[in-house]
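*Asks:* What follows is a single structure, and I will ask about it in a moment.
The values are calculated or read from the model by the stated rules, or taken from the named source; none is laboratory data. The shown structure was predicted, so the numbers you read here are calculated from the model rather than taken from an experiment. Quick reminder, even Gly has a Cβ in these numbers, built from the backbone with ideal geometry, and neighbours come from all protein chains shown. When the accessible area is computed, the model is the full protein with side chains, heavy atoms only, and any ligands, DNA or RNA have been set aside. Shrake-Rupley method; radii C 1.70, N 1.55, O 1.52, S 1.80 Å.
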Amino acid sequence: MSNIVGVHGINNYRPGRTADDLSVEWCHALGRQVHVAYYSEHLQRGIGQGSDDPMTLEPAEQEMLIAWVDQLQPVGAVAQGPRTARLRQASDWLTRKHGDTARRLAVLFCREVHTYLAKPDSPRRTAARATVAATIAEIKPTAVVAHSLGSVVAYETLWQDPHLSVDLLITVGSPLAMPGVVLDRLDPSDRGRPPGVQRWVNLADVGDIVAVPRGGLGRTFAGVEDIPDLTIGNLAFHGVQAYLRTPEVRAMCN
């Protein structure tokens, strides 16, 4: 494939960073040229990125984390009660089960995902989608590879502008089907392959805590091909570079 556009996930903002900088990282992992649509700057709220204490999240972001963890653990494991108590329970369970890295990921994920999804017509959401649309329109890719929150931005962008034509959409580590966190907030609410996309393939590591519910996107979205039982590494269950290095993704991008 001659042209590939990447759409990154959370925690990619760095002062002075450019789309070219991020593209170099993706190129190195994938082994071929990638043009990354860099939208992360539109989601910055001036919050220190180093804060990984769930109590620093806004109330709506805390509820998002609780709803997410509820889907990862046995039903009823987080007791009813005040939000702060449920948040601590959810955070403690996540740390015990998946480690400090997962807790930090959860805080960053909920903060940035809520910033994007809070309002359908927010300037931040509009700007992020416009950046992805402009990159696709310029590069005219045969494939779009979208990771994590990037799969949400790419999905909405491709639905918003059906004239954007893509032979292949590859989503990796996608939370698109996560009820109570992402699924119910999608705009538009259509649950199918965007009209300009000829083929949609979804991949998720078996241990990726962002790609829930388990079982792939095909149970929720029409026209998706799920690649099951993928393993990208015990310590990199959600990292984009690990996904890009898999034989499955590399084969589809060649």
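*Asks:* Take the Cα of HIS163, step 7 Å along the line toward its Cβ, and report every residue of the stretch 172-195 whose backbone nitrogen sits under 17 Å from that point.
*Replies:* 195
*Asks:* I'm spelling it out carefully: the read-out is semi-axes √(5λ) of the Cα gyration tensor in Å, the candidates are (i) 31, 28, 15; (ii) 28, 19, 18; (iii) 25, 22, 20, and one was derived from this structure. Which label?
*Replies:* Checking each listed value against the structure points to (ii).
*Asks:* Just to confirm my numbers, what's the Cα centroid distance between the stretch 141-166 and the stretch 197-245 in Å?
*Replies:* What the calculation gives is 16 Å, centre to centre.
*Asks:* Contour minus end-to-end for ARG250 and ALA118, with contour as 0.36 nm per residue of separation and end-to-end as the Cα-Cα distance? Display every interim value, and only then the final one.
*Replies:* On the way: separation 132, 0.36 × 132 = 47.52 nm, distance 3.41 nm.
Net length gain for the segment: 44.1 nm.
*Asks:* Please get the size of the charge dipole for the chain, origin at its Cα centre, with Cβ charges of +1 on Lys and Arg and -1 on Asp and Glu, quoted in debye to the nearest 20.
*Replies:* Details: 25 positive and 27 negative charges, 43 e Å.
Dipole size: approximately 200 debye.
*Asks:* Per the Cauchy relation, a quarter of the hull surface: what is the mean projected area of the convex hull of the alpha carbons in the stretch 22-165, in nm²?
*Replies:* Details: hull surface 40.8 nm².
Answer in nm², one decimal: 10.2.
*Asks:* Report the one residue of VAL113, ILE136, THR157 whose Cα lies farthest in the direction of the positive end of the charge dipole of the chain (charges on C-beta: Lys and Arg +1, Asp and Glu -1; origin at the Cα centre).
*Replies:* Projecting each Cα onto the dipole axis, the largest value belongs to VAL113.
*Asks:* Ok, one more. Top mean-square fluctuation among PRO82, PRO194, PRO213, Gaussian network model of the chain, C-alpha springs under 10 Å?
*Replies:* The residue that fluctuates most here is PRO82.
*Asks:* What percentage of the solvent-accessible surface of the chain, computed with a 1.4 Å probe over protein heavy atoms, is contributed by carbon and sulfur atoms? Don't skip to the end; give the middle numbers.
*Replies:* On the way: 5440 of 10770 Å².
Carbon and sulfur atoms account for 50 percent of the accessible area of the chain.
*Asks:* Explain nothing, just compute: Karplus ³J(HN,Hα) = 6.51 cos²θ - 1.76 cosθ + 1.60, θ = phi - 60°, for every residue of the stretch 175-188 in order, whole Hz, x for Gly and Pro.
*Replies:* x, 3, 8, 6, x, x, 10, 10, 3, 6, 10, 5, 9, x
*Asks:* May I ask what percent, to the nearest 5, of DSSP beta bridges between residues of the chain are antiparallel? Could you put the intermediate results ahead of the total?
*Replies:* Details: 0 of 23 bridges.
That works out to approximately 0 percent antiparallel.
*Asks:* How large is the accessible surface per residue of the chain, computed with a 1.4 Å probe and reported in Å² as a whole number? Don't jump to the answer; show the numbers that get you there.
*Replies:* Numbers: 10770 Å² over 254 residues.
Using a 1.4 Å probe on heavy atoms only, each residue of the chain averages 42 Å².
*Asks:* Among 214-225, 103-114, 176-187, 146-157, how do they line up by average Cβ neighbours within 10 Å per residue, starting with the highest? Please list the in-between numbers first.
*Replies:* Values: 214-225: 16.4, 103-114: 22.3, 176-187: 18.3, 146-157: 27.4.
Listed from highest to lowest mean packing, they are 146-157, 103-114, 176-187, 214-225.
*Asks:* For the Cα atoms of the chain, what angle does the longest principal axis make with the long axis of helix 123-139, in degrees from 0 to 90, nearest 10?
*Replies:* The angle comes out near 30 degrees.
*Asks:* Could you state the angle between the C-alpha long axis of helix 59-72 and the longest principal axis of the C-alpha atoms of the chain, as a value from 0 to 90 degrees rounded to the nearest 10?
*Replies:* 80 degrees
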